[in-house]
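Everything on this sheet refers to the single structure shown next.
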Amino acid sequence: MLLFDNSTQAAGLLAFLIAFGCCLIPGRRGAWSWLAAIYLALAIEMMVETRHGLRLLVNDVMQRGGLYADRTGYQLAIAGLLTILVLAVLYQVAQSGLWRKSSRAAKTAGIATLILLLLFVVELLSLHAIDALLYQTTGGLMRVGWSWIVLAGVTAISAIFQGRAAAPQQPDHGETKAD
């Protein structure tokens with residue numbers, strides 16, 4: 001499949017590339033370099049679709065082992081383990097100096113990015129009731145695509161605000177420009 005045959009995938013790629021570029025605006029400081037790296041990785045993932053390939057591989061292994069029909073229990077167990085892992089990582093991040101030193105804009109972008117990564121995990125787990133909701137089309141894009149756009153947009157806007165706040169102010173020498 002060509003990348004731009006799928007409008008949702010193209011929208012996700014564009015949203016992630018914009019967020020990546022905007023995360024470079026505040027410079028290579030603290031959380032922004034990590035966020036830039038995450039959005040670059042998400043853009044690459046959009047192009048190669050590793051989450052779909054991995055899901056197909058897991059489904060194939062489960063079918064061969066006769067576990068596919070009873071996969072809901074395994075999916076919920078994996079979701080529980082991933083939730084514990086995410087909570088452990090969140091705890092570590094909250095205790096780190098990086099989080100405490102981060103600006104409100106960086107924290108907002110970090111939370112949006114975390115939600116985005118959790119959305120990718122939910123997609124990977126492929127719980128049918130959730131998939132039915134995420135993959136409904138609204139306005140020419142699947143809802144999951146709109147979620148990507150909104151969350152990457154929050155990160156991009158936060159980075160722009162951070163960049164503007166950190167930009168050195170030009171001194172006003174009382175000069176005016178002539179038209």
Please state which of the following conditions residue 123 fails to meet, knowing it meets all the rest: (1) more than 19 Å from residue 53 (Cβ to Cβ); (2) touching a residue at least 60 places away in the same chain (Cβ under 8 Å); (3) buried (at least 17 other Cβ atoms within 10 Å of the Cβ). (1)
Among the residues that make up region 126-144, is at least one of them at pLDDT below 95 and of a type in the set (D, E, K, R)? yes
Only residues that are free of Cβ contacts under 8 Å to residues at least 12 places away in the same chain and in contact with a Ser or Thr (Cβ under 9 Å, 6 or more places away or on another chain): list them for region 35-58, please. 44, 58
Selection from region 1-46 of residues over 14 Å from the mean Cα position of the chain (by Cα) and within 16 Å of residue 123 (Cα to Cα) yields 8
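For region 1-84, give me every one of the helices (runs of 4 or more DSSP H) that falls completely inside it and has 3 or more residues that are touching a strand residue (DSSP E or B) at 6+ places or on another chain (Cβ under 8 Å). Even if it seems obvious, please write down each step before you answer.
Values: elements: 7-23, 31-48, 50-64.
It comes to 7-23.
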Filtered residues of region 162-179 (kept if in a helix (DSSP H, G or I) and either surrounded by fewer than 17 Cβ atoms within 10 Å (Cβ to Cβ) or at pLDDT 95 or above (or both)): 164, 165, 166
Mind checking which residues of region 38-72 are at positive phi and surrounded by 12 or more Cβ atoms within 10 Å (Cβ to Cβ)? 49
Within region 67-106, tally of residues that are under 30 Å from residue 29 (Cβ atoms), at pLDDT 80 or above and small (Gly, Ala, Ser): 5
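The values are calculated or read from the model by the stated rules, or taken from the named source; none is laboratory data. It should be emphasised that the depicted structure is a prediction, and the values quoted were computed from it without experimental measurement. Neighbour counts are summed over all protein chains in view; Cβ atoms, including those assigned to glycine, are modelled from backbone coordinates with ideal geometry.
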